[in-house]
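Report on the following structure.
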Ligand code: HEC
Ligand code: HEC
């Protein structure tokens, strides 16, 4: 989903007004059919993130630090799920030790607007330099990864890994392989069991080089329920 920020209208009545009884699903469903409300939420998310997240994740979530993930053009349901995992302590950022403290301060509205904003910003890609390494990753990806991540764009809570920062991907896959307590994921732990260090390096180069293709808005919200939503 790409929303042209230049076209943002003045904020209309928000589809995410505080305190309403409707579920987050219903509210997001309403937003899908209300481009003006969507643009207003994206703008709110931009205001929320431009002063702080930018220090680590870069302008618009395009990170310039290879150890810190890009949030730009990431699937919003995944971003939302990760913010909630940081907030509830299931996931811990051991790199700078910040995300778990920060995420506890986000209101539900802030989480949603930030996720919508980052997903709307086109990713600036930084392809891996060593093409032969990326080539070695292709068959490993086809065997172990494509079932869930597709061509790299993921879907819903399955992250887009196409174009992701390679150093971050190496660290993350290594953590999944050792079943690190900082980020438990049964599916990723089993997908990475048996990978050698060289396989992980090759996979990170391969996914960094995968094309990033804009997804339809509906593909981004395939699930009827969002985690933590009642
Ligand atoms: C001081 C640096 C820092 C700041 C500021 C920061 N982050 Fe992060 N963030 C990180 C790091 C480092 C990670 C990766 C942690 C890990 O290795 O698991 C991360 C991960 C994330 C992720 C998960 C991404 C993924 O691909 O799984 C989300 C979502 C996120 N941050 C959102 C935010 C938002 C929203 C803000 C601003 C309100 C913010 N961050 C501010 C450092 C920061
Ligand atoms: C059975 C489904 C499944 C398979 C197979 C799978 N993944 Fe994943 N992957 C996921 C899910 C779900 C997550 C999100 C985990 C979480 O909630 O922390 C994820 C997360 C990731 C992340 C973290 C993204 C980020 O921004 O932090 C990377 C990198 C990744 N997978 C790469 C791979 C690679 C490479 C393979 C093949 C070796 C693979 N995955 C196989 C489902 C899968």
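Based on what the data block shows, is residue 48 in a helix (DSSP H, G or I), more than 14 Å from the chain's Cα centre (by Cα) and surrounded by fewer than 19 Cβ atoms within 10 Å (Cβ to Cβ)? Write out each step before concluding.
On the way: in a helix (DSSP H, G or I): yes; more than 14 Å from the chain's Cα centre (by Cα): yes; surrounded by fewer than 19 Cβ atoms within 10 Å (Cβ to Cβ): yes.
It is true that residue 48 is in a helix (DSSP H, G or I), more than 14 Å from the chain's Cα centre (by Cα) and surrounded by fewer than 19 Cβ atoms within 10 Å (Cβ to Cβ).
Looking only at residues of the stretch 63-89 that are over 18 Å from residue 109 (Cβ atoms) and surrounded by fewer than 20 Cβ atoms within 10 Å (Cβ to Cβ), we find that the one that is farthest from ligand 2 (Cβ to nearest atom) is 64.
Annotation note: Cβ proximity below 7 Å between a residue of the stretch 182-194 that is outside the structural domain of residue 89 (by TED's automatic domain parsing) and closer than 15 Å to residue 88 by Cα and a residue that is modelled with pLDDT under 95 and surrounded by 13 or more Cβ atoms within 10 Å (Cβ to Cβ) (sequence gap 6+ or interchain) occurs for 182/94.
Do we have residue 114 as buried (at least 16 other Cβ atoms within 10 Å of the Cβ), in contact with a helix residue (DSSP H, G or I) (Cβ under 9 Å, 6 or more places away or on another chain) and at pLDDT below 95 here? For residue 114, the condition - buried (at least 16 other Cβ atoms within 10 Å of the Cβ), in contact with a helix residue (DSSP H, G or I) (Cβ under 9 Å, 6 or more places away or on another chain) and at pLDDT below 95 - is met.
Can you find even one residue in the stretch 138-151 that is touching a helix residue (DSSP H, G or I) at 6+ places or on another chain (Cβ under 9 Å) and not in a helix (DSSP H, G or I)? Scanning the stretch 138-151 turns up at least one residue that is touching a helix residue (DSSP H, G or I) at 6+ places or on another chain (Cβ under 9 Å) and not in a helix (DSSP H, G or I).
Looking at the stretch 164-211, what helices (runs of 4 or more DSSP H) fall wholly within it and have at least 3 residues that are more than 8 Å from ligand 2 (Cβ to nearest atom)? I'd like the intermediate steps shown before the answer.
Numbers: elements: 166-177, 186-192, 197-209.
So the answer is 166-177, 197-209.
Which one is nearest to the chain's Cα centre (by Cα), of the residues in the stretch 130-156 that are crowded, with 18+ Cβ neighbours inside 10 Å and either closer than 11 Å to residue 192 by Cβ or within 11 Å of ligand 1 (Cβ to nearest atom) (or both)? If we take residues in the stretch 130-156 being crowded, with 18+ Cβ neighbours inside 10 Å and either closer than 11 Å to residue 192 by Cβ or within 11 Å of ligand 1 (Cβ to nearest atom) (or both), then 154 is nearest to the chain's Cα centre (by Cα).
The values are calculated or read from the model by the stated rules, or taken from the named source; none is laboratory data. Computed from a predicted model, the values in this text were never measured in an experiment. Note that we place each Cβ from the backbone using ideal geometry, even for glycine, and neighbour counts take in every protein chain shown.
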